[in-house]
Amino acid sequence: LGCDYLPGMDQPPDQSPPSKPAPSAERRARQADRLKTIRLRMTIDRALEERGIATPAAIGEALGMPAQEAVKLLNRRQWREGDVALLEAAAVRLGMPTVD
């Protein structure tokens, strides 16, 4: 065909794929917070289970917040600003070390 490169083919060896831009400091901080919330939720869930605390009312009492708010905090899958602080406070209230 007379050409070294056709659309859809791998790039020629002398060309490297464009590099992704580094994530911003804010994005890295949000990602770190997301991971920390996951770890805290797992740790708190385990502690509640070990203590036999399962009802929303008992969970709320153990965490020191209204039952519905406590259950939402532990079950929420979407990260929200302020969750880390609430979960850390709940962990301290349960006598657990916070997660780094």
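The values are calculated or read from the model by the stated rules, or taken from the named source; none is laboratory data. Quick caveat, the model's predicted, so the values are computed rather than measured. Here the Cβ is made from the backbone with ideal geometry for all residues, glycine too, and neighbour counts use every protein chain on show. In case anyone asks, the SASA skips ligands and DNA or RNA and just uses the protein heavy atoms, side chains included. Shrake-Rupley method; radii C 1.70, N 1.55, O 1.52, S 1.80 Å.
Label-to-label distance for A58 and A89 is 2.4 nm, based on points extended 7 Å past Cα in the beta-carbon direction.
Using the Karplus relation 6.51 cos²θ - 1.76 cosθ + 1.60 with θ = phi - 60°, the per-residue 3J(HN,Hα) values for the stretch 46-60 come to 4, 5, 5, 4, 4, 8, x, 8, 10, 7, x, 5, 5, 5, x Hz, with x marking Gly and Pro.
Within the full protein context, the accessible area of E26 is estimated at about 130 Å² for a probe radius of 1.4 Å. Solvent-accessible area assigned to carbon and sulfur over the stretch 34-90 amounts to 52 percent, based on a 1.4 Å probe.
For the stretch 49-98, take N as its residue count and report Rg(C-alpha) divided by 2.2 N^0.38 Å. Working shown, then result.
On the way: Rg = 10.5 Å, N = 50, 2.2 N^0.38 = 9.7 Å.
Dividing the Cα Rg of the stretch 49-98 by 2.2 N^0.38 Å gives 1.08.
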